[in-house]
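Heads up, the thing below is written out as structure tokens.
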Ligand SMILES: Cc1cc2nc3c(=O)[nH]c(=O)nc-3n(C[C@H](O)[C@H](O)[C@H](O)COP(=O)(O)O)c2cc1C
């Protein structure tokens with residue numbers, strides 16, 4: 001029985017000398033689009049006007065919402081489009097396959113998006129599922145969900161939100177390929193989706209709050225999920241200015257029994273109890289007793305010297321934020337050209353935005369995750385291993401000088417092309433410290449945060465027309481050894497970035 005994140009992470013580690021061959025059974029390939037046969041849908045407007053601002057304009061540190069903004073059906077359609085959209089089509093095995101605005105391990109897209117509309121002009125109150133394929137909302141439960149949302153999330157003095165977004169993951173979509181290791185990807189992938197949502201809400205200058213803490217049972221029931229197959233991993237409350245109607249709409253009716261059936265994505269699914277066990281273990285909410293420890297000091301890494309990196313200057317973006325979201329793809333055609341310094345600092349800037357928050361929210365605080373990077377080919381930077389201190393305005397800590405890109409490519413299941421990328425960003429966590437502070441739920445915070453920051457690297461890279469690719473496949477112990485981490489710390493995720501073929505500096 002898996003009861004701790006440490007146990008789960010160890011158990012799902014890859015070992016070069018102990019890789020059991022796994023053949024993917026195409027006869028039970030999961031459906032990547034969730035459907036609700038026979039249920040009514042509400043069309044979302046396709047007539048979407050997108051902003052032309054840059055990602056760096058959205059990722060400013062002093063983000064402040066515009067207080068008179070309202071969230072209506074048109075705005076909701078734009079938010080959804082910028083959060084999760086189909087962006088490219090390919091033919092695989094005689095069938096159409098759609099890539100999306102969100103990166104996902106193995107292109108398996110385990111995540112789904114739901115909305116509780118509490119006060120959205122032109123949209124009836126109720127619970128909806130976002131159908132990314134048809135760009136519509138399926139009505140799951142008409143009625144006012146305010147009381148369930150309040151019980152599940154705890155709505156504070158800020159008042160009633162206009163909308164609440166819920167992000168779920170369907171286990172079998174990823175475990176079909178990755179088996180027990182899939183829970184890592186459920187969290188990382190959902191983090192990628194979460195960051196797209198967060199950026200689109202910021203771009204709309206709306207007031208919102210992300211929630212990784214909520215009563216799992218109430219939320220899963222609210223959405224009508226079959227929790228042996230699909231679970232909620234994150235939520236976001238969004239406030240608008242439209243006055244609430246004086247006559248309160250009736251509450252939600254009873255849950256229709258057929259909703260849960262729709263969490264099934266294949267006629268023959270394989271259950272991996274370990275995934276359910278780690279998820280259940282992470283359902284308990286723990287209030288940390290003491291001051292939050294700084295993860296960066298607990299990795300077992302000795303920093304030789306710290307240097308503050310100046311973030312002044314315009315980011316070399318060549319593409320607007322919406323274009324970057326809609327054109328983002330995983331790139332593997334890296335070339336060994338030097339990454340110019342301003343490209344490097346633009347990536348750091350993207351990673352450091354929101355690093356310091358007033359209320360020290362765990363998913364973005366430095367108590368769950370530390371970022372490091374291997375520099376292979378960056379102008380003005382010795383090849384080597386560095387840490388990034390997000391709190392201190394992007395100070396970089398020099399750990400050791402060495403060209404480690406080839407060794408890391410070897411650790412990453414011999415994905416040789418990785419050696420050509422200029423940078424490997426490393427997301428690391430001391431799982432022991434994480435669990436002492438947050439219990440197993442800390443694993444959710446850390447992995448979701450890593451996914452969020454990974455999506456940011458992708459978008460920042462795309463907007464500068466360089467490449468990025470997330471890497472979830474590595475021999476875990478070899479990574480620990482190569483980086484010199486202590487025996488409580490693990491690499492959770494790696495995202496590489498750098499110049500790609502056909503790349504040229506804008507002049
Ligand atoms: C969590 C995660 C892990 C990934 N791991 C790898 C990897 O190990 N190797 C790789 O080549 N791509 C990896 N990818 C990239 C996916 O294969 C890619 O996102 C997916 O095929 C969809 O393609 P797109 O990103 O171009 O839209 C990963 C992506 C994510 C989000």
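The values are calculated or read from the model by the stated rules, or taken from the named source; none is laboratory data. These numbers come from a predicted model, not from an experiment. A quick note on method: Cβ atoms are made from the backbone with ideal geometry, for glycine too, and the neighbour counts reach across all protein chains shown.
Among the residues making up region 469-478, those that are within 16 Å of the ligand (Cβ to nearest atom) and either farther than 14 Å from residue 450 by Cβ or part of a loop (DSSP other than H, G, I, E, B) (or both) are 469, 472, 473, 474, 475, 476, 478.
Kindly list the number of the only condition in (1) over 19 Å from residue 150 (Cβ atoms); (2) within 16 Å of the ligand (Cβ to nearest atom); (3) in contact with a strand residue (DSSP E or B) (Cβ under 6 Å, 6 or more places away or on another chain) that fails for residue 234. With respect to (1) over 19 Å from residue 150 (Cβ atoms); (2) within 16 Å of the ligand (Cβ to nearest atom); (3) in contact with a strand residue (DSSP E or B) (Cβ under 6 Å, 6 or more places away or on another chain), residue 234 is out only on (1).
A count restricted to region 320-330 and to residues that are in contact with a helix residue (DSSP H, G or I) (Cβ under 7 Å, 6 or more places away or on another chain) and buried (at least 18 other Cβ atoms within 10 Å of the Cβ) stands at 5.
Of everything in region 16-43 that is in contact with a strand residue (DSSP E or B) (Cβ under 6 Å, 6 or more places away or on another chain) and assigned to a loop (DSSP other than H, G, I, E, B), the residue that is surrounded by the most Cβ atoms within 10 Å (Cβ to Cβ) is 34. With respect to residue 74, is the statement that it is part of a helix (DSSP H, G or I), crowded, with 21+ Cβ neighbours inside 10 Å and more than 16 Å from the ligand (Cβ to nearest atom) true? For residue 74, the condition - part of a helix (DSSP H, G or I), crowded, with 21+ Cβ neighbours inside 10 Å and more than 16 Å from the ligand (Cβ to nearest atom) - is not met.
Looking at this structure, is residue 121 touching a residue at least 12 places away in the same chain (Cβ under 8 Å) and within 16 Å of the ligand (Cβ to nearest atom)? Here the answer is no, as residue 121 does not meet what is asked. Taking the criterion of being surrounded by fewer than 22 Cβ atoms within 10 Å (Cβ to Cβ) and under 19 Å from residue 451 (Cα atoms), the only residue of region 179-194 that qualifies is 180.
Could you name every one of the strands (runs of 3 or more DSSP E) located completely within region 132-230 that has at least 2 residues being within 16 Å of the ligand (Cβ to nearest atom) and in contact with a strand residue (DSSP E or B) (Cβ under 8 Å, 6 or more places away or on another chain)? In region 132-230, the matching strands (runs of 3 or more DSSP E) lie at 163-170.
Let's see how each residue does on (1) surrounded by fewer than 19 Cβ atoms within 10 Å (Cβ to Cβ); (2) modelled with pLDDT of 95 or more; (3) at positive phi:
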| position | (1), (2), (3) |
| --- | --- |
| 274 | no, yes, no |
| 286 | yes, no, no |
| 313 | yes, no, yes |
| 332 | yes, yes, no |
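Please specify each residue of region 244-257 satisfying the condition of being out of contact with any strand residue (DSSP E or B) (no Cβ under 8 Å at 6 or more places or on another chain) and touching a residue at least 60 places away in the same chain (Cβ under 8 Å). Those that are out of contact with any strand residue (DSSP E or B) (no Cβ under 8 Å at 6 or more places or on another chain) and touching a residue at least 60 places away in the same chain (Cβ under 8 Å): 244, 245.
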